[in-house]
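Every number here is computed from the coordinates shown, using simple stated rules; none is lab data. Computed from a predicted model, the values in this text were never measured in an experiment. Glycine gets a Cβ as well: all are built from the backbone with ideal geometry, and neighbour counts include every protein chain shown.
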Amino acid sequence: MNGQSFLDFRNELSNRGIVFTYSGFLNDDILTGIGNALRTKLALDHTDSKVSRGIFSAFVEQVQNVIRYSAETQGPEVDEEGVVTDDPLLNQEIRYGMVAIGDRADGKRFVTCCNMIEQKNVPKLQASLESIRGLDRKELTKLMREQLKEGPPEGSKGAGVGFVSIAREANGDWDYEMVPTEDPNMFFFCFEAYF
Amino acid sequence: MEKILIEATARTPKFDFDPEKRTLVLSGESYPEDPQKFFAAPLVTIREFLKQKHDGLVQFNFQMTYFNSSSAKVMMDLFSALEDCATEGNDVMIEWHHADDDDNMRELGEEFSEELVNAKFKLLTFN
């Protein structure tokens, strides 16, 4: 047992202003659970209602992105014929990702989500994020309507407007990074929105 | 055509459709794991309803406190279907309710209403 290392880990998180964090395999129940605790914390802190709504919304969109798109995935279990098992524990899919919510030194709050993505998907995601960089709230709201009307882009399972929606709620204050990993086929994608 | 009443859950809205009164009220929050799973069946009825000719006002009220981007797609599709219904000669009113200080929800309603030409649109605040 090395309790000290966990205390050091906790202190490291706390030094970075992180109030909530989860790292591991995610499913939709995690989203519900952390989301409820996050709302309670924001209420207990008497956080401004607009800021609270923005943080919660960014949290939901980002965690749903991880659940849908993280390249590190496990399950559901299938039999020899490729049919998904009936077992309620084994017939689900879980995906690995990281979530962190906290306070910056300047008082702004951040909502960060990170997950592995395959190298082949990097250019497309990068292009779509760069296309909305620098857009203000009004432009993002208009873009959101246009994308909702046109339908999801190819290869997307959601409305394809998740990032536009986060960028909009954060009033254009967001950033991302694609960090190379030891595996040339995998990049560590981090997205952060500020409130 | 049957009434539809689906009570709200933590992550899905209350869905209250009354074909005789020609009203739909959608209220609460919407960020289900799969919005299609929640909305697909009731929307089949709603689409069928909106294709008919109606003698009185068709009124849809959106009283949402939060919805995620994949649920926003459903709202937009409803706006389009309501506009088509109005274009066919029906009297259609959409009410978009939002909390007093919720600029985000208000702006989304305003933006969505850009799709409307023949349907009427009203912004209202929750009490």
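What does the charge dipole of the range A:21-194 about its Cα centre add up to, to the nearest 20 debye, if the Cβ of each Lys and Arg holds +1 and the Cβ of each Asp and Glu holds -1?
For this selection, approximately 1160 debye.
Of the Cα atoms belonging to the range A:21-194, the radius of gyration and Dmax stand at 17.1, 56 Å. The slack in the chain from A:GLU80 to A:SER5, taken as 0.36 nm per residue of separation less the alpha-carbon distance, amounts to 22.6 nm.
Compute, for the protein assembly as shown, the length of the dipole vector about the Cα centre, with Cβ point charges of +1 (Lys, Arg) and -1 (Asp, Glu) only. Units Debye, rounded to 20.
760
Between A:TYR22, A:LEU90, A:LEU143, the Cα set farthest toward the positive side of the dipole of chain A (charges on each charged residue's Cβ, about the Cα centre) is that of A:LEU143. Oblate is the label for chain B, because a/c, from the alpha-carbon gyration tensor with a ≥ b ≥ c as root eigenvalues, is 1.5 or above and a/b does not exceed b/c. Tell me whether the range B:39-100 comes out rounded, prolate or oblate; compute the Cα gyration tensor, take square roots of the eigenvalues as a ≥ b ≥ c, and use a/c under 1.5 as the rounded threshold. Since a/c reaches 1.5 but b/c is at least a/b, the shape of the range B:39-100 is classed as oblate. Among the GluC sites (Glu not before Pro) within the range B:85-118, those in coil by DSSP and having at most 14 neighbouring Cβ atoms inside 10 Å are B:GLU88. What separates the Cα centres of the range B:60-127 and the range A:38-74 is a distance of 24 Å.
Measuring r between the beta carbons of B:LEU123 and A:ALA105 and using R0 = 41 Å, the FRET efficiency lands at 0.60. Only lysines eight or more places from B:LYS3 in sequence, or on another chain, were considered; those with a Cα closer than 22 Å are B:LYS14, B:LYS21, B:LYS37, B:LYS51, B:LYS53. Its DSSP H runs of at least 4 residues, each contributing -39,500 (n - 2.57), put the calculated 222 nm mean residue ellipticity of chain A at -13500 deg cm²/dmol, to the nearest 500. Which shape class, rounded, prolate or oblate, goes with the range A:1-119 when its Cα gyration tensor gives a ≥ b ≥ c as root eigenvalues, a/c under 1.5 marks rounded, and past that a/b bigger than b/c marks prolate? Since a/c reaches 1.5 and a/b is larger than b/c, the shape of the range A:1-119 is classed as prolate.
Take every DSSP beta bridge with both residues inside the protein assembly as shown and express the antiparallel ones as a percent of the total, to the nearest 5. Percentage antiparallel, nearest 5: 70.
Could you name the lysines whose alpha carbon sits less than 29 Å from that of A:LYS120, not counting residues in the same chain fewer than 8 places away? Answer for A:LYS120, where 29 Å is the Cα cut-off: A:LYS149, A:LYS157, B:LYS73, listed by chain and number. If you plug the beta carbon distance of B:ALA40 and B:ASP101 into 1/(1 + (r/R0)^6) with R0 = 30 Å, you get a FRET efficiency near 0.35. Pairs of alpha carbons in the protein assembly as shown separated by more than 26 Å make up 52% of all such pairs.
For the range A:95-195, what ratio Rg/Rh do Cα atoms give with a Kirkwood hydrodynamic radius? Working shown, then result.
Numbers: Rg = 14.3 Å, Rh = 14.6 Å.
Looking at the range A:95-195, the ratio lands at 0.98.
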